[in-house]
1. Looking at segment 97-117, can you tell me whether even one residue there is within 16 Å of the ligand (Cβ to nearest atom) and in contact with a strand residue (DSSP E or B) (Cβ under 8 Å, 6 or more places away or on another chain)?
2. Checking ASP51 against (1) within 15 Å of the ligand (Cβ to nearest atom); (2) closer than 18 Å to THR80 by Cβ; (3) open to solvent by less than 10 Å² (accessible area, probe 1.4 Å), which single condition isn't satisfied?
3. For segment 179-190, which residues satisfy the criterion of being surrounded by fewer than 16 Cβ atoms within 10 Å (Cβ to Cβ) and within 12 Å of the ligand (Cβ to nearest atom)?
4. For segment 66-91, give me each residue that is over 16 Å from the mean Cα position of the chain (by Cα) and buried (at least 17 other Cβ atoms within 10 Å of the Cβ).
5. For ALA41, all conditions in the list (1) open to solvent by 10 Å² or more (accessible area, probe 1.4 Å); (2) under 20 Å from PHE129 (Cβ atoms) hold save one; what is the number of the exception?
6. From the list ARG49, ARG32, which one is charged (D, E, K, R) and touching an Asp or Glu at 6+ places or on another chain (Cβ under 7 Å)?
7. Say whether the condition of being part of a helix (DSSP H, G or I), small (Gly, Ala, Ser), open to solvent by 30 Å² or more (accessible area, probe 1.4 Å) and modelled with pLDDT under 95 is met by at least one residue in segment 233-240.
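The values are calculated or read from the model by the stated rules, or taken from the named source; none is laboratory data. Since the model is a prediction, treat every value here as computed from it, not as a measurement. Here Cβ is always computed from backbone atoms with ideal geometry, including for glycine, and neighbour counts include all displayed protein chains. Ligands, DNA and RNA are excluded from the accessible area calculation, which covers all protein heavy atoms including side chains. Shrake-Rupley method; radii C 1.70, N 1.55, O 1.52, S 1.80 Å.
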Amino acid sequence: MVEGMTAQKPLSTRIAAITGASSGIGEATATRFAADGARVALLARRADRIDALAAQLGASALAVTTDVTDPAQLDAAAATVEAAFGPADLVVANAGIMHVAPFHEARRDEWQQMISLNIMGVLDTVRAFLPGLLAAADAGRPADLVIVSSLAARQYSPGFGVYAATKAAVTALAASLRVEFGGRGLRVTNVEPGVTDSELGERVGHDQWREMLSERKAQMNSLTATDIADAIADAVSRRAGVHIRELVVHPTTP
Ligand SMILES: NC(=O)c1ccc[n+]([C@@H]2O[C@H](COP(=O)([O-])OP(=O)(O)OC[C@H]3O[C@@H](n4cnc5c(N)ncnc54)[C@H](OP(=O)(O)O)[C@@H]3O)[C@@H](O)[C@H]2O)c1
């Protein structure tokens with residue numbers, strides 16, 4: 001490097017919006033994007049968590065309290081991000097919930113929660129942020145939509161049926177949107193993490209299954225949320241003509 005020049009950080013031109021940024025993979029991704037120079041909007045319901053993270057990340061971060069199951073809140077969030085930083089050109093639809101239970105128990109309230117958040121929440125996140133993403137792509141700038149699905153979309157286990165179905169839906173959505181918008185330069189990347197340390201398992205509504213999963217996880221070689229964040233950050237840092245369309249991330253050993 002020429003003396004006096006400073007290296008540009010890989011995401012220094014980017015404006016990111018990340019749903020589910022209050023914990024786990026979303027929090028780690030926001031932290032990594034900020035370290036890589038992006039301005040980052042943190043979307044989640046727990047205002048105390050995203051306010052604290054924004055304070056930690058500094059002026060390049062903005063907390064936007066948002067329930068992604070409410071389309072109007074997502075529209076308001078996209079407008080807030082645009083007013084503060086400009087339209088987001090790097091959107092991570094990450095917020096999700098997992099319930100696990102024997103199918104015959106028909107826990108319809110939990111099915112509904114997963115469908116509302118894991119499918120409708122992703123659809124509305126894309127809808128709310130798509131104009132900004134396409135504007136960036138049309139202007140020849142990098143534009144990324146990252147959808148956080150799960151390995152559960154293609155690896156099946158008893159009790160995970162509805163969660164798996166919601167994740168298979170967004171895996172298919174990502175592939176379809178890539179075909180629809182790839183020609184305009186929008187990269188749509190599907191992320192399928194394996195078991196990752198986060199708060200996800202703590203929210204499983206079924207007491208016995210929650211405990212069973214927690215015991216099973218303690219014996220596994222889990223990934224960290226930072227492992228997933230690093231994979232995402234690497235993919236979206238490629239030059240605009242390169243698209244790593246799927247990230248399937250496993251621990252090396254089961
Ligand atoms: N951990 C794993 O093993 C694993 C594996 C594969 C895929 N995934 C996927 O990774 C994504 C992130 O999960 P995680 O593992 O990081 O779990 P997590 O720590 O529980 O994070 C979930 C995030 O979603 C947010 N969220 C939940 N309901 C929301 C709502 N209505 N509106 C806005 N945000 C909402 C939560 O924030 P608030 O509660 O503050 O709103 C939280 O920030 C999920 O889509 C999950 O399915 C996780």
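1. no
2. Of the numbered conditions (1) within 15 Å of the ligand (Cβ to nearest atom); (2) closer than 18 Å to THR80 by Cβ; (3) open to solvent by less than 10 Å² (accessible area, probe 1.4 Å), the odd one out for ASP51 is (3).
3. So in segment 179-190, the residues surrounded by fewer than 16 Cβ atoms within 10 Å (Cβ to Cβ) come out as 179-180, 182-184.
Once the filter is applied, which keeps residues that are surrounded by fewer than 16 Cβ atoms within 10 Å (Cβ to Cβ) and within 12 Å of the ligand (Cβ to nearest atom), segment 179-190 yields nothing.
4. At the first step, the residues of segment 66-91 found to be over 16 Å from the mean Cα position of the chain (by Cα) are 70-73, 75-76, 79-87.
Those that are over 16 Å from the mean Cα position of the chain (by Cα) and buried (at least 17 other Cβ atoms within 10 Å of the Cβ): GLN73, THR80, VAL81, GLU82, PHE85, PRO87.
5. Of (1) open to solvent by 10 Å² or more (accessible area, probe 1.4 Å); (2) under 20 Å from PHE129 (Cβ atoms), only one is false for ALA41: (1).
6. So the residue among ARG49, ARG32 that is charged (D, E, K, R) and touching an Asp or Glu at 6+ places or on another chain (Cβ under 7 Å) is ARG32.
7. Our first condition is that a residue be part of a helix (DSSP H, G or I); within segment 233-240, this holds for 233-236.
Checking the rest, the ones that are also small (Gly, Ala, Ser) come to 233, 235.
Going one step further and asking which of them are open to solvent by 30 Å² or more (accessible area, probe 1.4 Å), we end up with none.
No: segment 233-240 contains no residue that is part of a helix (DSSP H, G or I), small (Gly, Ala, Ser), open to solvent by 30 Å² or more (accessible area, probe 1.4 Å) and modelled with pLDDT under 95.
The rows are residues; the columns are (1) within 16 Å of the ligand (Cβ to nearest atom); (2) assigned to a loop (DSSP other than H, G, I, E, B); (3) open to solvent by 40 Å² or more (accessible area, probe 1.4 Å); (4) among the β-branched types (Val, Ile, Thr).
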{"site": "THR166", "(1), (2), (3), (4)": "yes, no, no, yes"}
{"site": "VAL170", "(1), (2), (3), (4)": "yes, no, no, yes"}
{"site": "LEU177", "(1), (2), (3), (4)": "no, no, no, no"}
{"site": "GLU192", "(1), (2), (3), (4)": "yes, no, no, no"}
